[in-house]
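Undergrad: Okay, here's the structure, questions in a sec.
Where a number appears in this text, it was derived from the coordinates with a stated rule and is not lab data. Because the structure is predicted, anything quoted here is derived from the model rather than measured. Don't worry about glycine lacking a Cβ; one is built from the backbone with ideal geometry, like all the others, and counts go over all protein chains shown.
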Amino acid sequence: PSVFSHQILNAMPYAFLDDAPLEERRARAVILRRALPDQSSDLGNLNPEAIQSAAEDAWPAARDREELHDALLGLILFPETEKSRFPAEAEQWFESLVEDGRAARRFSNDRVYWVAAERAESIDVCRVVRGWVEVSGPLTPSGLARILGLDAGDVRSALAQLEGEGLVLRGQFTPQREEEEFCDRRILARIHRATIAHLRREIEPVQASVLLRFLFSWQHLAAGSQLSGDHGILEAVEQLQGFEAAAAAWEDEILRARIRDYDPALLDNLCLAGEVVWGRWTRRATQAEVPARRPGLTRSATLGLGIREDMQWLLDPAPPDEEALSVPARNILAFLRKRGASFFAEIKAGAGHLPSEVEEALWQLVAAGLVTADAFGALRSLVNGDARRSERSPRRRREPRLTREGRWSLLEPLGPVPENLVELRARQFLRRYGVLLRELTAREPSAPPWRELLWVLRRAEARGEIRGGRFVAGYPGEQFALPEAVDALRAIRRDDSQGHFLRISACDPLNLVGILTPGPRVAAVLGNRVIYRDGIPVAAIESGETRIISHVEADERPVLERLLDERPPSAFDPSRSARPKSLRNRL
């Protein structure tokens, strides 16, 4: 968020009209302060050690009188009061240069200056300022004027002229220095590179199990990290948007695991209000049993949730495939393009097809990534089988059809594909995972090639927006992270508590078995489950069969069996465990 919004976000509780818990708002404020500095001037701060080192390296070395003469040629005007910047023998070398007619003393403004003979007749403020800026770190106009004994206004004008020529850059680079600074662009680039290298050295890489524990907390799956209310659902959708999973998994297996006391009505309200949209983002080709016809949507078909205003970059820019659509589907698509968002009755009347044909055609269009509905109840009815049961029910004429709830509209952005599409998706991956490495993009079918992401991430690191380095051990290549994620990852590493089990759906984006951990993957299909212990996968349920991945101690087997027997995915606290039946045939 903009720094100008901090006062609003951190306002007193009575300033808010929503019913978010106070502790949740306090947590948001803490995260905000970790993510961005309190003062906008702190955004450009560089490492003090890097500044000092670059300034020392840039200052001209004078090991004899010839090198002192070269330094005076570059500095043009050197105050005698600053001779401590050179070795103790510098004054003797200067006297020798004076005797040879190669240097002279110049008196001005009650000061004594050392000047090379070649520069004695051509001294102007701009050239003097340039000479000093080229061998110094960040300088303030008043500080440089004080060193040289010149008028501060003249020095500021000279710096402005050098800035116009592209030789220096202005900003606030040194911590706790309020006045505006100027620095030679070459030296500033050197300081910036040293700062990035220093930040990377500060990070001690963690094991993959620590990263997984961090991801469970980052994505609000771990016990005590879940969200609540419609604000929680919106935050979860913002984090997961762009990811596609089985249609039947979104509510029961993904959102319910992240939201305390999940209420489907809250998601309905967000969809009807235009905040959240559902649909197929990638528009991948779907194989049909009949070559000339595209099948309709099923509960295992992959869909995604997203924020409606982000549809411009969420949708696959590839043109949709309309060749395999049935005749009713093509007619309905043409009607929606002409009429716009329409209710089911309007579509039936406008397209001129039977209700059953309209319903089947709409699901074909959803499967093709061409349409969506402004109510999630329509998708829920397909997932739960209510639509099929209502067809067989003799009371279907007297009961409302959830399939026909709300309006149906085209799934398309309001504007052209943004030019910074790769950057927007890279930022979404960082928001989803906090720490981004190449292996995590294996679960992202819409991810651009890593080489394109790498260029965008490096540029964001150079701007100081994200951190780069080696965050996770055992994986080659560059890794990047949000600043607040680095702090959270360190906190997880310091937490040495053990015995925390977590069961998640295989459709969840955190099913990273075989990606961040050795061994075969667990297929991301409905019904499959993965059980982690302290970030290490210990068991998986695939097609109703249990597969043991890691060794389990005898005293932990009752806990594991309870998780294997539980129907919904949930975090489990071993302190409240009961004694279920033995694992018998499973272990």
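Undergrad: Quick one: check the C-alpha center-to-center distance for the stretch 467-532 versus the stretch 120-137, whole angstrom.
TA: The stretch 467-532 and the stretch 120-137 have Cα centres separated by 55 Å.
Undergrad: Report the net charge of residues surrounding Asp263, where surrounding means a beta-carbon distance below 12 angstrom and charges are Lys +1, Arg +1, Asp -1, Glu -1.
TA: Details: positive: Arg256, Arg260; negative: Asp230, Glu251, Asp261, Asp268.
Once positives and negatives cancel, what remains is -2.
Undergrad: Shifting gears a bit: Quick one: 3J(HN,Hα) in Hz for the stretch 457-474, Karplus 6.51/-1.76/1.60 with θ = phi - 60°, rounded, Gly and Pro as x.
TA: 5, 4, 5, 5, 5, 5, 7, x, 7, 9, 10, x, x, 9, 8, 10, 7, x
Undergrad: Report the normalised scattering of the stretch 488-551 as log10 I(q)/I(0) at q = 0.18, 0.25, 0.27, 0.28 Å⁻¹, calculated by the Debye formula with identical scatterers on the alpha carbons.
TA: Rounded to two decimals, the profile gives -0.65, -1.07, -1.19, -1.25.
Undergrad: Also: Using a 10 Å cut-off on Cβ atoms, rank the peptides 47-56, 133-142, 549-558 from the highest mean neighbour count down. Mind dumping the intermediate values first?
TA: Numbers: 47-56: 17.1, 133-142: 20.6, 549-558: 13.6.
Ranked from most to least packed, the peptides come out as 133-142, 47-56, 549-558.
Undergrad: While we're looking at this one, here's another question. Taking 7 Å along the Cα-to-C-beta vector as the label spot, tell me the Ile123-Ala88 distance in nanometres, rounded to one decimal.
TA: Result for the modelled spin labels: 2.9 nm.
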